[in-house]
Amino acid sequence: MFELVVATNNAHKVKEYQEMFLGYDIKFHSMKDLGIVCNPDEDGDTYEKNSFIKADALAKLTKLPVIADDSGLNVVALNNFPGIYSSRFADSFGGNKVANLELIKKLEPYKDKSAFFACVITLINVEDKPIQFKGICKGKILDKPVGEGGFGYDPIFYSDEAKMAFGTAPAEIKNKYSHRAKAVEQLIKYLKEKGLI
């Protein structure tokens, strides 16, 4: 069995990974599972850099293969804001419920509602160099939040490929079209090519 440590304390994220790897002989550990405390300062200016910062910090604390991802929502008319600041933007309003409404408000003066989620996964402790995988999910920002599903910015995001709002999408649909799913697809391909899963 191949084991991977996910650089997160977010139970939603670990569950998403488990769902996306269904059918593969792989075990995911959260940092909490292994009693690891790791909160590096994510001061990179790209998803690639922040993903690497997290993976690299965690890789120093375990011999197991490590994955870290950095992801965010990029609103085109707002110069791809909040982007790498997506989680900080949400935190500044005490969570996504208010942040989602604030983002809709910011977008009101613009006709262009297009947006995309981006995710970069960094894998360390497998080769002698980090490997990165990137996924993009295109769509648009809705006029109001819909659905109870998903988390984060999902309720205000309509996916072009899924043809539905992520807030109303069942897990199997989201896990097929999401930015993380697309990055994971590449990660799975890589692990299979290496004969690890």
**Complete:** FRET efficiency (Ile188, Asp43; Cβ distance; R0 41 Å; to 0.05) is 0.85
**Message:** Only Cα pairs within less than 10 Å get springs; with that Gaussian network setup on the chain, which residue of His29, His179, His12 has the largest fluctuation?
**Reply:** His12
**Prompt:** Given DSSP loops and a limit of at most 13 other Cβ atoms within 10 Å, what is the longest stretch of the chain that contains no such GluC sites (Glu not before Pro)?
**Reply:** 1-126
**Request:** Please give the length that would be gained between Ser92 and Asn80 if that part of the chain were fully extended, namely 0.36 nm times their separation in residues minus their C-alpha to C-alpha distance (nm, one decimal).
**Result:** 2.5 nm
**Asked** Using a simple charge model, +1 on the beta-carbon of Lys and Arg, -1 on the beta-carbon of Asp and Glu, nothing else, what dipole does the stretch 2-193 show about its Cα centre, in debye to the nearest 20?
**Response** 340
**Message:** Among Cys38, Cys137, Cys119, which one shows the highest mean-square fluctuation when the chain is modelled as a Gaussian network with alpha-carbon springs under 10 Å?
**Reply:** Cys38
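Going by the alpha-carbon gyration tensor, a ≥ b ≥ c the square roots of its eigenvalues, is the stretch 1-76 rounded (a/c under 1.5) or, if a/c is not under 1.5, prolate (a/b greater than b/c) versus oblate?
Note, shape of the stretch 1-76 comes out oblate.
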**Message:** I want to verify a result. In a Gaussian network model of the chain, Cα cutoff 10 Å, which of these has the top mean-square fluctuation: Asn125, Asn79, Asn175?
**Reply:** Asn79
**Request:** With the Cα gyration tensor of the stretch 2-193 in hand, give its eigenvalues times 5 under a square root as the equivalent ellipsoid semi-axes, listed largest first in whole angstrom.
**Result:** 28, 18, 15
**Message:** What is the sum of charges, Lys and Arg at +1 and Asp and Glu at -1, for the other residues whose Cβ falls under 15 Å from the Cβ of Gly152?
**Reply:** -1
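Each reported figure results from applying straightforward, stated rules to the coordinates on display, with no laboratory input. Being a predicted model, the structure only gives us computed values, none of them experimental. In this analysis, Cβ positions are derived from the backbone assuming ideal geometry, glycine residues included, and neighbour counts consider all displayed protein chains.
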